[in-house]
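Written out below as structure tokens is the structure these notes cover.
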Amino acid sequence: MLIRKVETFTPTHLELLLSADPNKELVEEYIKRSFCFESLDDGHVTGIVVLLPTRPETLEIVNIAVLEQFQGQGIGEQLISFALTQAKEHSYKTVEIGTGSTSFGQLYLYQKCGFRMTGIDRDFFIRHYDEEILENKLVLKDMVRLSIDV
Ligand code: ACO
């Protein structure tokens, strides 16, 4: 599997970004300030990871997604591992990630990769998203924030 910088955004990249974050305006705003990388299988894009410098020495994974037909094959884990290596190589000290409190699979994955919970942004999804988000039969309201020192 190859992971490289995204040079030109295609509809597949947009589909991936929106599968992780349905707020198109927010996505379009943060990708301008971020480093975006894509995973490729046989020349075809399979996933994306977006890294945003937020504070001195801190990088946030603001978006990570794998196309549905490629999920469950370890690509997400490899994208996270790649992000942590990038952070280390560029002298960042901490990598953060935020996800919905109802995103149980994602919370499992991030903790499997060594992230620890740091806080909860209550009502984040009520404040920032126009439409109600239902996930795992629950209304998504709160963002769980996690971090790892690299
Ligand atoms: N539900 C259940 N388990 C999951 C999920 C999930 N959504 N995602 C990962 N896992 C588990 C896998 O079962 C696997 O477990 P194992 O190691 O015990 O076998 C482990 O986590 C590693 O999974 P990968 O195969 O590496 O993950 P994958 O390639 O499927 O990518 C991702 C995970 C990116 C979350 C993918 O499911 C996806 O694109 N989901 C939709 C978009 C999304 O929710 N993105 C994250 C939003 S938060 C953010 O962007 C900051």
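Quick one: Ile75 ticks every box in (1) more than 8 Å from the ligand (Cβ to nearest atom); (2) surrounded by 13 or more Cβ atoms within 10 Å (Cβ to Cβ); (3) not small (Gly, Ala, Ser) bar one, so which box is it?
If we test Ile75 against (1) more than 8 Å from the ligand (Cβ to nearest atom); (2) surrounded by 13 or more Cβ atoms within 10 Å (Cβ to Cβ); (3) not small (Gly, Ala, Ser), just (1) comes out false.
Any idea which of Ile133, Ile120 is closer than 18 Å to Lys24 by Cα, more than 8 Å from the ligand (Cβ to nearest atom), surrounded by fewer than 18 Cβ atoms within 10 Å (Cβ to Cβ) and of a type in the set (A, V, I, L, M)?
On the way: Ile120 fails: closer than 18 Å to Lys24 by Cα.
Only one candidate qualifies: Ile133.
Could you look through the range 8-37, keep only residues that are open to solvent by 30 Å² or more (accessible area, probe 1.4 Å), under 14 Å from Ile61 (Cβ atoms) and of a type in the set (A, V, I, L, M), and pick out the one that is nearest to the ligand (Cβ to nearest atom)?
Ala20
Please identify the pairs in which a residue from the range 123-134 that is touching a residue at least 40 places away in the same chain (Cβ under 8 Å) has its Cβ atom under 6 Å from the Cβ atom of a residue that is open to solvent by less than 70 Å² (accessible area, probe 1.4 Å), counting only partners at least 6 apart or on another chain.
Hits for this filter: Tyr129/Asn23; Ile133/Phe125; Ile133/Leu140.
Cβ-Cβ distance below 6 Å, separation of 6 or more or different chains: which pairs start in the range 18-40 with a residue that is among the small types (Gly, Ala, Ser) and end on one that is part of a loop (DSSP other than H, G, I, E, B) and open to solvent by 30 Å² or more (accessible area, probe 1.4 Å)?
Final answer for the pair search is Ser39/Met1.
Please count how many residues of the range 38-65 are among the hydrophobic types (A, V, I, L, M, F, W, C) and open to solvent by 20 Å² or more (accessible area, probe 1.4 Å). Let's see the steps before the verdict.
Looking only at the range 38-65, we keep the residues that are among the hydrophobic types (A, V, I, L, M, F, W, C), and these are 40, 45, 48-52, 59, 61-62, 64-65.
Imposing the further condition that a residue be open to solvent by 20 Å² or more (accessible area, probe 1.4 Å) reduces the set to 45, 62, 64.
The total comes to 3.
Having 1 or more residues that are under 12 Å from the mean Cα position of the chain (by Cα) is the bar; report the helices (runs of 4 or more DSSP H) wholly within the range 50-150 that clear it. Give the derivation first.
Working: elements: 75-89, 104-112, 124-128.
Those helices (runs of 4 or more DSSP H) span 75-89, 104-112.
With Lys88, Lys93 as the choices, which residue is more than 7 Å from the ligand (Cβ to nearest atom) and in contact with a strand residue (DSSP E or B) (Cβ under 8 Å, 6 or more places away or on another chain)?
Working: Lys88 fails: in contact with a strand residue (DSSP E or B) (Cβ under 8 Å, 6 or more places away or on another chain).
None of the other options fit; the residue is Lys93.
Output the residue which, of all residues in the range 97-116 that are exposed (fewer than 14 other Cβ atoms within 10 Å of the Cβ) and within 14 Å of the ligand (Cβ to nearest atom), is nearest to Thr58 (Cα to Cα).
So the first thing to find is which residues in the range 97-116 are exposed (fewer than 14 other Cβ atoms within 10 Å of the Cβ), and the list is 104-105, 108, 111-112, 116.
If we keep only those that are within 14 Å of the ligand (Cβ to nearest atom) too, we end up with 104-105, 108, 111-112.
Details: Phe104: 25, Gly105: 24, Tyr108: 22, Gln111: 18, Lys112: 20 Å.
Taking the candidates together, the pick is Gln111.
In this structure, is Leu14 more than 17 Å from Ile97 (Cβ to Cβ) and in contact with a Leu (Cβ under 6 Å, 6 or more places away or on another chain)? Please lay out each step first, then the result.
Working: more than 17 Å from Ile97 (Cβ to Cβ): yes; in contact with a Leu (Cβ under 6 Å, 6 or more places away or on another chain): no.
When the stated conditions are applied, Leu14 does not pass them.
Counting only residues that are at pLDDT 95 or above and not in a helix (DSSP H, G or I), how many does the range 10-31 have?
Going through the range 10-31 one residue at a time, the tally reaches 1.
The values are calculated or read from the model by the stated rules, or taken from the named source; none is laboratory data. Please read all numbers here as calculations on a predicted model, not as lab measurements. Note: ideal-geometry Cβ built from the backbone for every residue, glycine included; neighbour counts use all protein chains shown. Side chains are part of the model used for accessible areas, which takes the heavy atoms of the whole protein and leaves out ligands, DNA and RNA. Shrake-Rupley method; radii C 1.70, N 1.55, O 1.52, S 1.80 Å.
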